Every structure is written in structure tokens, then in C-alpha cells.
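Engineer: Pasting in a structure now, in C-alpha cells, and then I'll have a few things to ask.
The values are calculated or read from the model by the stated rules, or taken from the named source; none is laboratory data. Note that the structure is predicted; figures quoted are calculated from it, not measured. Virtual Cβ from ideal backbone geometry, glycine too; neighbours counted across all protein chains shown.
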Amino acid sequence: MSPLSKVIMLSDERERIEDVLDTLIEKSGSLCAILITKDGHTISARGTTSFLNITALATLVAGSFAATRQVAALIGEKEFSILFQQGASRHVHISLVAGTAMLIAVFEDSQRIGLVRLHAKRAADGLAALMSVSRERTDREELIVAQFKEFASSLIDRIFSE
Amino acid sequence: MSTINFATREINFKIVYYGPGMSGKTTNLVYMYSRLTDDRKGQLITLDTEQERTLFFDFFPLELGEIQGFKTRFHLYTVPGQVYYEASRRIVLSGADGVVFVADSQASRRPDNVESLRGMLENMASYGLQPGPVPVVLQYNKRDMDGILTVEDLDADLRADSWPRFASVATQGAGVLDTVRTVMKEVLSRFE
């Protein structure tokens, strides 16, 4: 059997995760805060994101984080817990959350990196606590898998005959 | 591994195109991208060298649409084929729900196909991904070239007895959509 799909956020977790991200944005002055899986899927995105292609950002950050994990291994470290990418006017701060997710904060040059770092650390700790709770699949019944597969399959046929 | 986000109502799958250098993995993605309407695709990202060889990966999200209220999306990736990018190949395979192996049909590339497939299986195993539970689809590309192997030879080299396979000329689009359609359906059939 193939592995079960992974539930990355339940409906009742949404508010708590969004609260943590909103607090990070408010206290650090970041433009936005985005939580992604280490495979590059977006869990939650808050703040000003209209200028961003979030799917592309999540994919690229996950890829670069995975690459730096290999760099860490080469120098005898398990992983790097923080990545910082500095631009001319906008910067990206990335921190590891519980080894399975990444928290991205995008902020402008007018904000202080120390403040972003401090609140990103707090947010990552808060998110790690939330994400360590095992997920009972209470929402599972919302998705009727057999029906989903049938619709998806016919959509695939339709897309490639367009 | 497919992911379900019940809060934002999204379901995502990951498909990776693997194979030796210059076998046509990026060409597959670019052709697909050109055939899809704008509402079906996100931005195509290519991370390549100055010589236009894939350095890390190519990627685009294929939007299937909304099913039972869930936005459903396939993330399509290629790996870099050049021998010295082994570490990058392994990274990209992480979490794959399905794999397409693009073989180069030219007889001169026979050892490269075999070596690349061996590496793919080894890299899959390092993540606990087993062919079968994770569907593998083979594509025998460049069927328009001179000096190509027979399909039987490629079958024998690449253990094709257990996997769906397609002949292709990716530069002209032949076989490209059949391949992706098949791997997507194989992935869906295993969705739980």
C-alpha cells in the first residue's frame, strides 16, 4: 500500500497557527509570514502576500533549505536552523520548525533583523508546540476519496484533450 | 507524499521526472507547459546553468481544479541529469508521489540509462519510496534519432515488465501528454 497522504493542517488548527504568524508580523514588522512543509507545500500564509507567488516561493525555499542541509552534513552539522537571504531592500528570514516545516518571514530594509530573528524564534517555538500534537483525522469524512479519485481522473482526461 | 490541507482546502501531489543528462526531462515539462491553458498552470521555474543544463530542478504546478471543494494541484519537477549533480537529484526526489523515468533511446546512451535508473532506485530507497507503492512510468525518448535501441532492448535494460512505458519524441510533443496523464492517474489510484 502507498503511504497515507499527510494532513498538514486541520480546520481547527487554522486559527492558532494564523495567530502565531500574525503575532510575528506585528511584532517584527515583517511584510508577511509563511509556513511551509519541508517538501515545499504551503501550510499557511499571512500578511501582505499579493506581490508574491507563494507556490513558487515555497518550492524554492524548500529546495534551498534541503541543499543547505547537505552543506551542513558536509561540515559535520546535522542542519542549519536558520537561513537569511539579504537583498537590497527586502530580505527573507527562514527558520526550521520542529524539523518538518519552515517559517518564512519577508521583511523590508527599514525593519531590524535582530527583531525579526527574535520573534521568528518565538514563533517557531510556538508552531513547533502546535505541530507536535498528533493529528486525529477528524476532518477525514469531509473528503470522499473514491469520488475524489473519479472526478480527478476525468479532469485529467479533460485537461489533456483541451 | 501527497498533502491535504483541510484548513485552506488544498490537496497537493508531487511528480518527479528523472533520467540521464540530456534525455529530455526539461523538454517534457516545457512542452506540457506550452499545451496547458493559463488557468491550469502556475509559473515555470527553471534553475539551470549558463549552458542551459538543469542545475537543481525545473518546476511548475499543474492546477487540476476544485474537487469536492479542494483545490487540487500536481507539482511537476525535473532533476538535473548530469552525473555530478547526484546530491541535487536525491533532494528533488524527496516526497515524490510518482516518478517518470525519461530514457534516451540512442544506443550510445545505454550505460547512462542503466546507471541513472540504478541511482534513481537507490535514491528512492533512501526515502523509503518503493516502486509499486510509488508508481514509476518509463518514457523512451528521442525515437526520431538515428542509432537508437529497439524497444525490446530498452525494456530489458530498464525492467519494463512491471511499469507502464511510452515511446516519445518530446521535442515534437509525441508521447509527452500520454506519459504525464498515465503517471497522474497512477498516483491518484493510490491516493488514500
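Engineer: In the set A:L103, A:L35, A:L4, which member is within 14 Å of another protein chain (Cβ to nearest Cβ), under 27 Å from B:R90 (Cα atoms) and modelled with pLDDT of 95 or more?
Structural biologist: Details: A:L103 fails: within 14 Å of another protein chain (Cβ to nearest Cβ); A:L4 fails: modelled with pLDDT of 95 or more.
Residue meeting the stated conditions: A:L35.
Engineer: Can I ask one more? Can you tell me which residue is farthest from the other protein chains (Cβ to nearest Cβ) among those in the stretch A:41-70 that are in contact (Cβ under 8 Å) with a residue 12 or more places away in the chain and touching a helix residue (DSSP H, G or I) at 6+ places or on another chain (Cβ under 6 Å)?
Structural biologist: A:G47
Engineer: Considering only the stretch B:1-35, state which residues are facing another protein chain (nearest Cβ under 8 Å), more than 17 Å from the chain's Cα centre (by Cα) and assigned to a loop (DSSP other than H, G, I, E, B).
Structural biologist: B:F6, B:A7, B:T8
Engineer: Name, by its number, the condition in (1) more than 7 Å from chain A (Cβ to nearest Cβ); (2) hydroxyl-bearing (S, T, Y); (3) surrounded by fewer than 22 Cβ atoms within 10 Å (Cβ to Cβ); (4) under 28 Å from A:K149 (Cβ atoms) that does not hold for B:Y84.
Structural biologist: Against the list (1) more than 7 Å from chain A (Cβ to nearest Cβ); (2) hydroxyl-bearing (S, T, Y); (3) surrounded by fewer than 22 Cβ atoms within 10 Å (Cβ to Cβ); (4) under 28 Å from A:K149 (Cβ atoms), B:Y84 comes up short only on (4).
Engineer: Here's something else I'd like to know. Which members of the stretch B:47-92 meet the condition of being free of Cβ contacts under 8 Å to residues at least 12 places away in the same chain, out of contact with any helix residue (DSSP H, G or I) (no Cβ under 9 Å at 6 or more places or on another chain) and within 23 Å of B:M124 (Cβ to Cβ)?
Structural biologist: B:Y84
Engineer: Hey, another quick one. Kindly indicate whether A:L10 is of a type outside the set (D, E, K, R), within 10 Å of chain B (Cβ to nearest Cβ), surrounded by fewer than 21 Cβ atoms within 10 Å (Cβ to Cβ) and within 13 Å of the chain's Cα centre (by Cα).
Structural biologist: Working: of a type outside the set (D, E, K, R): yes; within 10 Å of chain B (Cβ to nearest Cβ): yes; surrounded by fewer than 21 Cβ atoms within 10 Å (Cβ to Cβ): yes; within 13 Å of the chain's Cα centre (by Cα): no.
No: the conditions fail for A:L10.
Engineer: Quick one: in the stretch A:13-30, which of the residues that are over 15 Å from the mean Cα position of the chain (by Cα) and surrounded by fewer than 18 Cβ atoms within 10 Å (Cβ to Cβ) is farthest from A:S132 (Cα to Cα)?
Structural biologist: Applying the filter and picking the extreme gives A:G29.
Engineer: Looking at B:L129, B:L121, B:L149, B:L154, which one is in contact with a helix residue (DSSP H, G or I) (Cβ under 6 Å, 6 or more places away or on another chain) and either of a type in the set (A, V, I, L, M, F, W, C) or loosely packed, with under 14 Cβ neighbours inside 10 Å (or both)?
Structural biologist: Details: B:L129 fails: in contact with a helix residue (DSSP H, G or I) (Cβ under 6 Å, 6 or more places away or on another chain); B:L121 fails: in contact with a helix residue (DSSP H, G or I) (Cβ under 6 Å, 6 or more places away or on another chain); B:L154 fails: in contact with a helix residue (DSSP H, G or I) (Cβ under 6 Å, 6 or more places away or on another chain).
Within the list B:L129, B:L121, B:L149, B:L154, the selection yields B:L149.
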